[in-house]
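Here's the structure, in structure tokens; my notes come after.
The values are calculated or read from the model by the stated rules, or taken from the named source; none is laboratory data. Note that the structure is a prediction, hence the values are computed from the model and not measured. Cβ atoms come from the backbone with ideal geometry, glycine included; neighbour counts cover every protein chain shown. Remember, those area values only see protein heavy atoms, side chains included, never the ligands or the DNA or RNA. Shrake-Rupley method; radii C 1.70, N 1.55, O 1.52, S 1.80 Å.
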Amino acid sequence: WRRGVFFPVDKNTRISNGKNLIFDVSSMNVFQQPGCFYQNYEAPITIGKDVHIAANVGIITQNHDPKNPNNHLPAKEVTIGDNCWIGMNAVILPGVHLGDHTTVGAGSVVTHSFEGNCVIAGNPAKIIKRL
């Protein structure tokens, strides 16, 4: 596992805090996809082994307070399990844990956790197939 080390990142990918990014080296390719946003200022994002993340995916650990957009809600860790695949333009919201072997359909908004061995899609994402 690596935390806060230097590695090649696509020029259009943004990582808010390298020290809050934990990943297996087998998943290093995910940082070379264009347009991805890893928003992890105050809580970590953990990415497991052999994960694939397509272009323009957003993974965020903190949201604005809907009652006052000038404030932020508390940050929550996001965890992506082993052998997951996140399709293009998907968004993973704070506090989500994706269990091993979870496939996220393109354009999905993942608002809660899934145990794994499934395909999820939609807004909000729901299980569309068990693996």
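So for Lys19, Lys129, what's the accessible-area order with a 1.4 Å probe, most first? Intermediate values should be presented prior to the final figure.
Numbers: Lys19 150, Lys129 120 Å².
Sorted descending by solvent-accessible area, the residues read Lys19, Lys129.
Could you give the semi-axes, largest first, of the ellipsoid that matches region 91-131, computed as the square roots of 5 times the alpha carbon gyration tensor eigenvalues and rounded to whole Å? Intermediate results must be reported in sequence, preceding the final value.
Numbers: eigenvalues 39, 28, 10 Å².
One finds semi-axes of 14, 12, 7 Å for region 91-131.
With labels modelled as points extended 7 Å from the Cα through the Cβ direction, what inter-label distance (nm, one decimal) is found for Ala55 paired with Gln32?
A separation of 1.5 nm, rounded to one decimal place.
Mean-square fluctuation check for the chain, GNM, Cα pairs under 10 Å: which of Asn20, Asn70, Asn56 is largest?
Of the options given, Asn70 has the highest mean-square fluctuation.
Taking Rh as the Kirkwood radius computed over C-alpha pairs, what is the Stokes-Einstein D of region 35-85 at 37 °C in a medium of viscosity 0.692 mPa s, expressed in µm² per second?
Calculated translational D: 272 µm²/s.
Using unit Cβ charges (K, R positive; D, E negative) and no other charged atoms, how large, in debye to the nearest 20, is the dipole of the chain about its Cα centre?
Values: 11 positive and 9 negative charges, 30 e Å.
Dipole size: approximately 140 debye.
Given Lys11/Lys76; Lys19/Lys49; Lys49/Lys76; Lys49/Lys129; Lys49/Lys126; Lys67/Lys129, which pairs have Cα atoms separated by over 28 Å?
Working: Lys11/Lys76 26 Å; Lys19/Lys49 19 Å; Lys49/Lys76 21 Å; Lys49/Lys129 22 Å; Lys49/Lys126 23 Å; Lys67/Lys129 36 Å.
Exceeds cut-off: Lys67/Lys129.
Rounded to whole Å and sorted largest first, list the principal axis extents of the Cα atoms in the chain.
Extents along the principal axes, in whole Å: 39, 38, 23.
At a threshold of 8 angstrom on Cα-Cα distance, excluding pairs fewer than six apart, so keeping six or more, what relative contact order does region 50-131 reach in percent?
Values: 229 pairs, mean separation 19.3, N = 82.
So the answer I get is 23 percent.
Report the longest stretch of the chain that contains none of the chymotrypsin sites (Phe, Trp or Tyr not before Pro) sitting in a DSSP loop with at most 14 other Cβ atoms within 10 Å.
Numbers: sites that count: Trp1, Phe6, Tyr41.
Answer - 42-131.
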